[in-house]
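Each value in this text was obtained by applying a stated rule to the coordinates, not by laboratory testing. No experiment lies behind these values; they were computed from the predicted model shown. No Cβ is skipped: glycine too gets one built from the backbone with ideal geometry, and neighbour counts run over all protein chains shown.
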Amino acid sequence: MALQLSYHAITWGADTLGAIKDISDQGFRGIECFTWVADQYADNPALFKRVLQDHGLQLVALYGGGNMLRESREKDIEYNRRVAEFVAAVGGDRMMLGGGDRRRDKDGNDHFTDDDIKDLGETMNLIGEATLKVGVKACYHPHIGTIGEEKANVDRIFEVTDPQFLFAGPDPAHLLLGGYDPVDFFRRYADRIQYMHLKNVPSMYTAQNWQSELKRQESAKKGGDAATEVIPIFCELAEGQIDLPVIVSFLKERGYDGWVTTEIDGTRKESPRESARLNRVFWEGLGFSLAR
């Protein structure tokens, strides 16, 4: 089976039903949502499943996670177990674990330690063991702004976690901004990748400058510079600096047959629907058919 294409509802904000319609209309077969749908439909997951089925969609994952350090361990395990139960009830079998608290002092300086990474790993192993019991694989999602941002931390996290309980759920855009060559990551962790996101990064942003560049734009805008536009650090698949077709080719060569979820956090296009249309064109340019 070839890799399967899904789409994240994040671009539509709280309009989950609007996301479902637009994603379906563009021909994608799966959808990932944030975990608030597990709260909204907690008493009737069958209803949410029916809504998706009526639009030809499958729930492929929800995005969980949390601080996941020692002091919040029991709460995080219970929360992610409950999310996994909802995913399974609606017919999915994956979930993302995003996060890992990046401890900072009162001045905003990092002061996390390797013990924090070990604690994170232990918590995620326990979460993964719990979610597997209901048939859902927990996939760690390296993400900027968390303890899993920099390359060294990402490698350490996968070193201290058990591959039978904790899988990889990468996104090339977050890897790049964390200083990790995305292709190197995919080669190194190919056997652990069980799910993933795909988006791109404008060429103006690098691992070294993205935080300062965003602050510069925001400061200029707040200072009354009407000519300054705050440009999101993520963009549509064909419009950034990452050679995403190379990654897709790698996945195909490795025989990856899981879901690849296009995730555009926010768009400068006229609407989320137009953003999804452009991303559909990207996939069709690589030979994928999204016609219904």
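Observations on the model:
- Global size of region 172-252: 15.1, 50 Å for Rg and Dmax (C-alpha atoms, Rg to one decimal, Dmax whole).
- Ser72, Ser219, Ser6 arranged by Cβ crowding within 10 Å, fewest neighbours leading: Ser219, Ser72, Ser6
- The shape of region 112-194 can be summarised by an equivalent ellipsoid whose semi-axes, obtained from the alpha carbon gyration tensor, come to 20, 15, 10 Å from longest to shortest.
- Projected label distance in nm at Glu274 and Asn109, using a 7 Å step from Cα toward the beta-carbon: 4.6
- Charge dipole (the chain, unit charges on Cβ, about Cα centre) - positive-most of Leu97, Gly18, Thr161: Gly18
- Where only DSSP H runs of four or more residues are counted, the chain gives -12500 deg cm²/dmol as its mean residue ellipticity at 222 nm, each run worth -39500 (n - 2.57).
- Segment Arg70..Leu214, full-extension length gain: 48.6 nm, with 0.36 nm per residue of separation and the alpha-carbon distance subtracted.
- Shown for Lys252, Lys137, Lys106: other C-beta atoms within 10 Å of each C-beta, ranked fewest to most, produce the order Lys106, Lys252, Lys137.
- FRET efficiency, 1/(1 + (r/R0)^6) with R0 25 Å, evaluated for Ala14 and Asp54 via beta carbons: 0.75
- For Val260, residues with placed amide H under 5 Å, excluding near neighbours: Gln4, Leu5, Ser6
- Counting only Cα atoms, the chain measures 51, 50, 39 Å along its principal axes, largest extent leading.
- Pair Lys133, Asp243: separation of 7 Å Cα→Cβ label points (nm): 4.6
- Based on the reciprocal of the average 1/r between different C-alpha atoms, the Kirkwood radius for region 249-292 equals 12.1 Å.
- Relative packing of 47-57, 86-96, which averages over residues the other C-beta atoms within 10 Å, highest first: 86-96, 47-57
- Placing pseudo-labels 7 Å out from each Cα toward the beta carbon at Val230 and Glu150 gives an inter-label distance of 2.7 nm.
- Of the GluC sites (Glu not before Pro) in region 1-96, not one is in a loop by DSSP (not H, G, I, E or B) with at most 14 other beta carbons within 10 Å.
- For region 34-46, the Karplus equation 6.51 cos²θ - 1.76 cosθ + 1.60, evaluated at θ = phi - 60°, returns couplings of 7, 6, 5, 5, 5, 7, 4, 10, 4, 8, 8, x, 4 Hz by residue, with Gly and Pro reported as x.
- The Cα trace of region 96-237 gives Rg and Dmax of 16.9, 54 Å, the first to one decimal, the second as a whole number.
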